[in-house]
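> I'd like to ask some things about the structure below.
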Amino acid sequence: MSILKKLATRLPPAPKAFLRAGHNSLRTLRNSFYATYRFLRNSSTVRSALDRDLLSAVIYKQFHAVEKGLALPQPRPGFGAEAINNLMGHITHYETSFGPDTTSANARAALKQYVAFNHGLGVDVHALEAFLAKAPNGTPEGEGGAIKLQRGDLFPVPQDTAIEFLRSRRTLRNFTGEAIPQAVLEDIYAVASRAPSVCNRQAGGVYFATGRAQIDHALSFQNGNRGFGEKIGALAIVTADQRAFTSPGELHQDYVDGGIFAMSLLLAAHAKQLGGCMLNWSVDAGRDRSLRLALGIPEYETIITMIGFGVPTEQFSIALSPRVPAEARLHWLD
Ligand SMILES: Cc1cc2nc3c(=O)[nH]c(=O)nc-3n(C[C@H](O)[C@H](O)[C@H](O)COP(=O)(O)O)c2cc1C
């Protein structure tokens, strides 16, 4: 314990509370400065020179606006003409600077559908057609646009089964210690990658540790795994890429999209009959930096949370974790 902390323990309650409030305020300010500084450095909010990843995020955002327009109940002929011009400029810049890839191909696929939709509706799409006809060599098959579905396609599982599945997820802290094969984690990732994200920019990412030494090393930075961490079979470190964000209002979007992605990983693991325990990453800037340094996680990725996964033991206890009364959290606006 530092000398200051020792002195503080001897203070009467009022000055002690005052000191604590001051100390915590400073820590909070430092943490928010750290988050804001990283956001300004990494997102395209103030950066004008866009590298590949930043430009890719902008293109995803822009062609998703086309997809959304096409998915409306009554798409408006010629919608978003100016935005589409802008998008063509970005795709050209991207292809010229970095070559064609899935980003440019997906954007082109969405634009192709836009052209098809506008055909015969009196909209001038000549410039767009000319642009699409000149896809650079090596452009892969793209996926983008909208598809028609039936209501039943959206709900393939009976309601009771789906609800039972969701309600049966409980935080598990009793694992056998068996390692989790990489193929299983890849399946979990593939399902979780379907998580919704702002303008489909998909900032959520994950670093998996599967070897005992690597899991234990990463867990040594985390304060909530005592008594069960050593039996975790695979550790996920969930991140969100700040380079996906483009405007000041998105300062905290990393935690929204990263949190949704983390929950999707947890549910996907549950579907694969693995137990899971989210492991908070509610840490000061200094601890955050230490973990990045130790694991090589770049500064542009916000660390959202860790998740321990593992095979459940045959029998175990779980915390009941009762919920607060609905009145405290469930509100009606009318
Ligand atoms: C972001 C987050 C961080 C968490 N961190 C920890 C942790 O560090 N250690 C732990 O044992 N449980 C942790 N939990 C698990 C919670 O205690 C648990 O989700 C909560 O009590 C509700 O119980 P349930 O998940 O079984 O419904 C965390 C949960 C979340 C969502």
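The values are calculated or read from the model by the stated rules, or taken from the named source; none is laboratory data. Note that the coordinates shown come from a computational prediction; the quantities given were computed from them, not determined experimentally. Neighbour counts are summed over all protein chains in view; Cβ atoms, including those assigned to glycine, are modelled from backbone coordinates with ideal geometry. Quick note on the areas: whole protein, heavy atoms, side chains included, nothing else; ligands and nucleic acids left out. Shrake-Rupley method; radii C 1.70, N 1.55, O 1.52, S 1.80 Å.
> Helix-only mean residue ellipticity at 222 nm, the chain, DSSP H runs n ≥ 4 weighted -39,500 (n - 2.57), per residue, nearest 500. What is it?
That calculation yields -15500 deg cm²/dmol at 222 nm.
> Give, as a single signed number, the net charge of other residues whose beta carbon lies under 13 Å from the beta carbon of Thr239, with Lys and Arg counted +1 and Asp and Glu -1.
Details: positive: Arg38, Arg243, Arg292; negative: Asp241, Asp254, Asp257, Asp288, Glu299, Glu301.
Its environment carries a net charge of -3.
> Check which residues have an amide H placed less than 5 Å from Gly205's amide H, if you skip close sequence neighbours.
Those lying under 5 Å, H to H, from Gly205 are Thr239, Ala240, Asp241.
> Along each of its three principal axes, how wide is the spread of alpha-carbon positions in the chain, in whole angstrom units, largest first?
79, 51, 47
> Give the total of Lys-Lys pairs in the chain with Cα-Cα distances below 23 Å; include a pair only if its members are 8 or more places apart or on different chains.
10
> Can you give me the Rg/Rh ratio for the stretch 156-310, using Cα atoms for both radii and the Kirkwood formula for Rh?
When Rh is taken as the Kirkwood radius, the ratio is 0.97.
> If you count, for each residue, the other Cβ atoms within 10 Å and average over each peptide, how do 261-271, 137-147 line up from highest to lowest? Don't jump to the answer; show the numbers that get you there.
Numbers: 261-271: 21.6, 137-147: 13.8.
Per-residue Cβ counts within 10 Å, averaged per peptide and sorted highest first, yield 261-271, 137-147.
> Now a separate question. Computed over the Cα atoms of the stretch 235-334, what is the ratio Rg over Rh, Rh following Kirkwood?
1.05
> Further question on the same structure: Whenever you get a sec, compute what percent of the accessible area on the stretch 52-133 sits on carbon and sulfur atoms (1.4 Å probe).
Values: 2210 of 3960 Å².
Here carbon and sulfur together make up 56 percent of the probe-accessible area.
> Another question, if that's okay. Taking the solvent-accessible surface of protein heavy atoms with a 1.4 Å probe, what is the per residue accessible area of the stretch 52-133 in Å²?
Spelled out: the 1.4 Å probe surface of the stretch 52-133, per residue, equals 48 Å².
> For the stretch 171-241, place one equal point scatterer on every Cα, skip the solvent, and apply the Debye formula. What is log10 of I(q)/I(0) at q = 0.16, 0.17, 0.24, 0.29 Å⁻¹?
Debye output, listed in q order: -0.64, -0.71, -1.12, -1.33.
> Provide the per-residue ³J(HN,Hα) series for the stretch 270-287, in order, calculated from phi with Karplus coefficients 6.51, -1.76, 1.60 and θ = phi - 60°, each as a whole number of Hz, with x at glycine and proline positions.
Result, rounded to whole Hz: 4, 5, 8, 6, 9, x, x, 9, 5, 10, 4, 10, 8, 10, 6, 3, x, 5.
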